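A.B. asks: One structure, as structure tokens, below. Some questions next.
FYI, it's all coordinate maths here, none of it is from the lab. Everything numeric here is computed off the predicted structure, so don't read it as measured data. For neighbour counting, all protein chains shown are included, and Cβ atoms are generated from backbone atoms with ideal geometry for every residue, glycine included.
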Amino acid sequence: MPQIKVFDTTLRDGEQSPGVNLNQLEKLEIAKQLERFGVDIMEAGFPASSQGDFEGVRKIAQTIKNASVTGLARAKKSDIDTAWEALKDAVEPRLHIFLATSPIHMTYKLKKTPEEVIQTAVEMVSYARQKFPQVEWSAEDASRSDLDFLAKIIEKVIDAGATVINLPDTVGYTTPEEYGHLFRYMKDTVPNIDKVTLSAHCHDDLGMAVANSIAALENGAGQVEGTINGIGERAGNAALEEIAVALNIRNDKYPFITNLVLKEIKRTSDLVSKLTGMAVPANKAVVGRNAFAHESGIHQDGVLKNAATYEIITPALVGVQSNDLILGKHSGRHAFKDKIEKLGFQLADEKLTAAFQAFKKLTDRKKEVTDDDLFSILTEIQTDV
Ligand code: KIV
Ligand code: ZN
């Protein structure tokens, strides 16, 4: 089974989420947890963007021993030099350098011709390779770039010394079929492509970031990028925990191995949410509060008989203590009995019926019945002789 690399960019693209600003200590705490989670590469920041980010990246580079640490740089010598100063103490320093390749970015943002873009990319990658053992080059807005132009610039950038080529879907525009085709096309047409690892980096503007990332893996990508909880610019990046669990649960379809320690998922998600201040939506896949909660009586009855009836992921797999049967108006007698037994109440049939009826009555007034509500119902029933 092919081993793929996982590149986490929570501390760089994730931190670009509007309203998020992590201080150096918070970044370091997340970096240590990412190391426990088993990411292969962590992008610690953008060293040239501010003195604070420079210091934060440097501290992470000096501390993390079991992952490669990288930092972002524009295609400018000064950015590359600053990134080197921040990253040089890392066990495996990597530079992540980017330059846009789509017509709209080249014309309006860079104001460069395609030939000038090739020249800058080649010059900056070879400059970076004088310092860094690993240089990842990103063709920003790759998914809206001309395929033949992309193939041409990739070939030249590889000759200049890039070790990883990233093809980002910068604006979250692509589809799984189209993004898969992009990777397959490069694999089939760029003559020196086997010298490098191809990487997928997806944004979630159309809600397809995870599906697109997996399509890239199926078509030759050897590295996948994303963030914890899917945080990031605009609608965010591909959620790494979702990719990790999808690859694990659907290994029959996606036979890829990662170094990730899945039971660290919940802890990592909680930490990132706490320190960024970005709440995880309750219905978010894998890490949302409701991801292992069952509300309807039919589902609760099924789960009590065999959890696999309605759970494809076991809570333990991702470090969640247990599933949760929410007691509300949809709950049935089976879930109710199970819950009160867990609270220490054993009722004979008649009393159980009375308690269940009292509970059902309460659900007309309350959306969710708490343990305290149950205690008061049960105490009343038990003392009622
Ligand atoms: O989405 C993007 O294109 C990026 C690049 C800097 C890789 O984040
Ligand atoms: Zn991005």
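A.B. asks: Could you check the stretch 305-329 and list, in sequence order, the residues that are more than 18 Å from Asp371 (Cβ to Cβ) and in contact (Cβ under 8 Å) with a residue 12 or more places away in the chain?
C.D. replies: The answer is Ala307, Tyr310, Glu311, Ile312, Ile313, Pro315, Ala316, Leu317, Val318, Gly319, Val320.
Conditions tested, residue by residue: (1) within 30 Å of Asp13 (Cβ to Cβ); (2) in contact (Cβ under 8 Å) with a residue 24 or more places away in the chain.
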| residue | (1), (2) |
| --- | --- |
| Arg267 | yes, yes |
| Lys274 | yes, no |
| Lys284 | yes, yes |
| His294 | no, yes |
| Gly302 | no, no |
| Phe345 | no, yes |
| Lys367 | no, yes |
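A.B. asks: Also, I was wondering about something else. Go through the residues of the stretch 321-334 one by one and say whether even a single one is touching a strand residue (DSSP E or B) at 6+ places or on another chain (Cβ under 8 Å), farther than 30 Å from Ala244 by Cα, not charged (D, E, K, R) and not in a helix (DSSP H, G or I). Steps first, please.
C.D. replies: Of the stretch 321-334, the ones touching a strand residue (DSSP E or B) at 6+ places or on another chain (Cβ under 8 Å) are 323-326, 331.
The next check asks that each one be farther than 30 Å from Ala244 by Cα; those that pass are 331.
Checking the rest, the ones that are also not charged (D, E, K, R) come to 331.
Filter once more, keeping what is not in a helix (DSSP H, G or I): 331.
Yes, the stretch 321-334 contains at least one residue that is touching a strand residue (DSSP E or B) at 6+ places or on another chain (Cβ under 8 Å), farther than 30 Å from Ala244 by Cα, not charged (D, E, K, R) and not in a helix (DSSP H, G or I).
A.B. asks: Assuming Asp53 fulfils every condition listed in (1) touching a Gly at 6+ places or on another chain (Cβ under 9 Å); (2) buried (at least 22 other Cβ atoms within 10 Å of the Cβ); (3) closer than 18 Å to Gly232 by Cβ; (4) in contact (Cβ under 8 Å) with a residue 12 or more places away in the chain apart from one, which condition is it?
C.D. replies: (4)
A.B. asks: Starting from the stretch 25-45, keep only residues that are in contact (Cβ under 8 Å) with a residue 12 or more places away in the chain, then list their pairs with residues that are among the small types (Gly, Ala, Ser) and surrounded by fewer than 23 Cβ atoms within 10 Å (Cβ to Cβ) whose Cβ atoms are within a distance under 8 Å, requiring at least 6 positions of separation or different chains.
C.D. replies: Cβ pairs passing all conditions: Asp40/Ser68; Ile41/Ser68; Met42/Ser68.
A.B. asks: Take the conditions of a type in the set (S, T, N, Q), in contact (Cβ under 8 Å) with a residue 12 or more places away in the chain and either in contact with a Ser or Thr (Cβ under 9 Å, 6 or more places away or on another chain) or more than 28 Å from Thr258 (Cβ to Cβ) (or both) and apply them to Thr9. Does it pass?
C.D. replies: Against the criterion (of a type in the set (S, T, N, Q), in contact (Cβ under 8 Å) with a residue 12 or more places away in the chain and either in contact with a Ser or Thr (Cβ under 9 Å, 6 or more places away or on another chain) or more than 28 Å from Thr258 (Cβ to Cβ) (or both)), Thr9 qualifies.
A.B. asks: Could we say that Gly45 is within 18 Å of the chain's Cα centre (by Cα), within 16 Å of ligand 2 (Cβ to nearest atom) and farther than 30 Å from Glu218 by Cβ here?
C.D. replies: On the way: within 18 Å of the chain's Cα centre (by Cα): yes; within 16 Å of ligand 2 (Cβ to nearest atom): yes; farther than 30 Å from Glu218 by Cβ: yes.
Taking the combined requirement at face value, the residue satisfies it.
A.B. asks: Restricting attention to the stretch 208-235, which residues are outside any helix (DSSP H, G or I) and away from ligand 1 (no atom under 16 Å from the Cβ)? If you could, list the steps in order and put the result at the bottom.
C.D. replies: Filtering the stretch 208-235 down to residues outside any helix (DSSP H, G or I) leaves 208, 219-227, 231-235.
Matches in the stretch 208-235: Asn219, Gly220, Gly222.
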